[in-house]
1. What does the extension gain come out to for Glu269 and Asp248, with contour length at 0.36 nm per residue minus their alpha carbon separation?
2. Kindly report, to the nearest 10 Å², the accessible surface of Thr339 as traced by a 1.4 Å probe over protein heavy atoms only.
3. What nm distance separates the two modelled labels at Met83 and Ile151, each placed 7 Å from Cα along Cα→Cβ?
4. Which whole-number percentage describes the relative contact order of the chain, with Cα contacts under 8 Å and a sequence gap of 6 or more?
5. Choose one answer from Trp200, Trp415, Trp398: the residue with the largest mean-square fluctuation in a GNM of the chain with alpha-carbon springs under 10 Å.
6. Once you charge only the Cβ atoms, +1 for Lys and Arg and -1 for Asp and Glu, what is the size of the charge dipole of the chain about its Cα centre, to the nearest 20 debye?
7. For the chain, what does -39500 (n - 2.57) per DSSP helix run (n ≥ 4), summed and divided by total residues, give at 222 nm, in deg cm²/dmol to the nearest 500?
8. Taking amide hydrogens as modeled 1.01 Å from N in the peptide plane, which residues meet the under 5 Å criterion relative to Gly323, leaving out close sequence neighbours?
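The values are calculated or read from the model by the stated rules, or taken from the named source; none is laboratory data. These numbers were taken from a predicted model, which means no experiment stands behind them. Note that we place each Cβ from the backbone using ideal geometry, even for glycine, and neighbour counts take in every protein chain shown. The protein model used for the area step is the full one, side chains on, heavy atoms only, and it has no ligands, DNA or RNA in it. Shrake-Rupley method; radii C 1.70, N 1.55, O 1.52, S 1.80 Å.
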Amino acid sequence: MLRTVGPQGSLFELLLPAGMRVLSGELAAVDGLLDDKRFFGPFRGLFDPTEGRPSIPIETYLRLMFLKYRYGLGYERLCALVMDSITWRRFCRIGLEASVPDESTIRKITRRCGAELIDGLNSQLLHPARQRGRVDVDRVRVDTTVVEADIRYPTDSGLLTAATGRIASRLRRLTRLGVKIVYIDRTPQARAYQHSIGAWLRRRSDEAKAEVLVITGRLADLAEASVAEATKALHDKARRRRVRRLLDELAVLIERTVQVIAQARTRVEGGQPDGSTRLVSLHEPDARPIRKGRLGKPVEFGYKAQVVDTVDGIIVDHSVHIGNPSDTDVIRPAIDRITAQFGAPATVTADRGYWDATIEADLTAVGVTTVVIPRTGKASQARAALEHTDAFVDMVKWRTGCEGRISHLKRDWAWRRTRLRGHAGVRIWCGHGVFGHNILKLTELQR
């Protein structure tokens, strides 16, 4: 059952000094901005209005999530700090005599609501601000980045060893539940092979590299043998719920292990696995290797994200994608979404990675007046003259500020690494960061 607001204070709170009953500074401005019933709208379709267990007040949930992303807190730490702070309790609309919601409750609501709800909250935040003239989309700039998945650096040997160990663990648990399975725990042997790879790599020779490939092949053999035994267990006819759940998990693990084995075989044979479909984690199947040309991290593992912001630093659109789609394929839908919500921007600027033969015509067709994207390849004399004009150069220089916006998101709004799994999880994670960022930006514009 949906609850939008909680109890409005108690007699005990009236006994507090006047200075402790009011908010000040940043929290006061954010509290005033969030005190808008329009933010309850996106939640109404997710909860029954009259039946079921009451949810925590939505006004409390929104303020808890703002604090979480504003200060980079985990769920448990967030609840502990709110419990101990009178100011944060007042900001979150939690009375001194009331209990702070459990961290598992906040976590479940976040997952249940999904990325679409966060997009709806951002729309509810920006649309009234646009009507009041605080969101100006006359000029927008676009750039992309990588949001890293919460995984270790992936190697074929590491994935094969982890898969072998996890299969053995699942089969052991099924055996304890009474399922008759004949299997061999190959985890110690797989770990020994993986440990020997480290010793060979320290030699830094061609012989060592060849031996690593041989050991990787042996690890693939162990994983294949484990998959064969685990596949037989899937035919068990047990009807107990716990056994069925373990068998479902085992089926998914087998599928991913088979893909890891195929990737390792390809590399052992001298090939290169396809990066667009390569599995880099057993628990994060949507993450992909992405090359962005950074010197410190030539290859990153996660998701490609795009940010579109304005002159005032308001993020008017963002998106998260699996793999590394072309920049030109993600800018067109972004401008369409901005046009539908705010109207067509007069000027759009991006780096040369967004250039293709039709990009200017496509953006002009939706109402964009000026497209400032440096051309790739050899430019004609007329094009070169255009790109050297003062107006074009000034817009290109302004565009570089989007890199600072992305750096700010990574540093202060948790965009460096997502802690939620899967494409849906990273969309939720990034969406909350953008929501919090825009709230602060709008409070600055109101001063």
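1. Numbers: separation 21, 0.36 × 21 = 7.56 nm, distance 3.22 nm.
Once the chain is fully extended between Glu269 and Asp248, it gains 4.3 nm.
2. For Thr339, solvent-accessible area is about 40 Å².
3. Label-label distance for Met83 and Ile151, simple model: 3.5 nm.
4. On the way: 620 pairs, mean separation 88.5, N = 447.
Reported as a whole number, the value is 20 percent.
5. It is Trp200.
6. Details: 72 positive and 53 negative charges, 342 e Å.
With Lys and Arg at +1 and Asp and Glu at -1, about 1640 debye.
7. Values: 16 runs with 241 residues, N = 447.
Result for the chain: -17500 deg cm²/dmol, rounded to the nearest 500.
8. Here the answer is Arg288, Lys304, since their amide H atoms fall under 5 Å of that of Gly323.
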